[in-house]
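What follows is calculated from the coordinates using simple rules that are stated; it is not laboratory data. Small disclaimer: the values here were computed from a predicted structure and weren't measured. We place every Cβ from the backbone using ideal geometry, glycine too, and count neighbours over all the protein chains shown.
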Amino acid sequence: MHEDIREVLLSQEVIQQKVRELGQQLTQDYRDLNPLCICVLKGAFPFMSDLVRAIDTHLEVDFMAVSSYGDSTQSSGVVRIVKDLDASVENRHVLVMEDIIDSGLTLSYLLELLRGRNAASVKVVTLLDKPSRRTTGLKPDYCGFEVPDAFVVGYGLDYAEKYRNLSYVGVLKEEVYSD
Ligand code: 5GP
Ligand code: MG
Ligand code: MG
């Protein structure tokens, strides 16, 4: 385990099993729909990478980057498009792949944007959900795990751009924040 991690919340095995289950469900639900899977950078990249390979039907991928956090652990409430999609979402079945939904501010903004571009459908699959922190009415269509109100890192999730490469999801030691 990494020396900055206090506790492993979700092991690599537990995550990979859940990804397989989500993949099976999405294979059924999106058969013949050729979904456009959107990775919300940067945090969702390992999740998307694993999840699309667990989906056994035609699909396409695209990438988008929005920023609402900076290097802090609290939402700024400001959402900015850092990188937009290459593909048009018009008449496409869009499946947004997210790492974590916290307040829901980032995703609410993104969903409104995609719906405004006339997607045929827009759904959300998130690896992690922190429902206790929600300030919007947003609910994911597919969710891997509900997590408690703690700041987690790993499997794409960062603190000041670090820890994205951990294969598990864990909680940071307090002293890492205070340094
Ligand atoms: P929201 O807009 O839902 O409050 O926040 C969404 C984004 O905030 C996530 O995509 C992620 O980048 C960041 N975030 C929220 N909670 C956590 C957390 O516990 N750990 C990390 N590393 N990022 C988080
Ligand atoms: Mg995210
Ligand atoms: Mg971050």
Alpha-carbon centroid distance for the pair region 105-179 / region 1-72, whole angstrom: 11 Å
For a quick check: sort 177, 109 by the number of other beta carbons within 10 angstrom, fewest at the front. 177, 109
Exposure proxy ranking, count of Cβ atoms within 10 Å, fewest first, for 114, 107: 114, 107
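Subtracting the Cα-Cα distance from 0.36 nm times the residue separation, let me have the gained length for residue 28 to residue 6 in nm, one decimal.
Details: separation 22, 0.36 × 22 = 7.92 nm, distance 3.80 nm.
Gain on extension, residue 28 to residue 6, equals 4.1 nm.
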Report, to the nearest 10°, how far helix 12-29 tilts away from the longest principal axis of the Cα atoms in the chain, using its own Cα long axis and a range of 0 to 90°. 20 degrees
If the only charges are +1 at each Lys and Arg Cβ and -1 at each Asp and Glu Cβ, what is the size of the charge dipole of the chain around the Cα centre, to the nearest 20 debye? 420 debye
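For region 10-150, what class follows from the C-alpha gyration tensor (a ≥ b ≥ c being the square roots of its eigenvalues): rounded when a/c is under 1.5, otherwise prolate if a/b is larger than b/c, else oblate?
Values: a/c = 1.72, a/b = 1.12, b/c = 1.54.
It is oblate, given that a/c is not under 1.5 and a/b is not larger than b/c.
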Given the options 105, 26, 113, which has the most mean-square fluctuation in a GNM of the chain, springs set between C-alpha atoms less than 10 angstrom apart? 113
In degrees, nearest ten, helix 105-116 long axis to first principal axis of the chain (Cα): 10 degrees
Prolate/oblate/rounded call for region 1-45, Cα gyration tensor, a/c under 1.5 rounded: oblate
For 48, 64, what's the fewest-to-most ordering of other Cβ within 10 Å of each Cβ? 64, 48
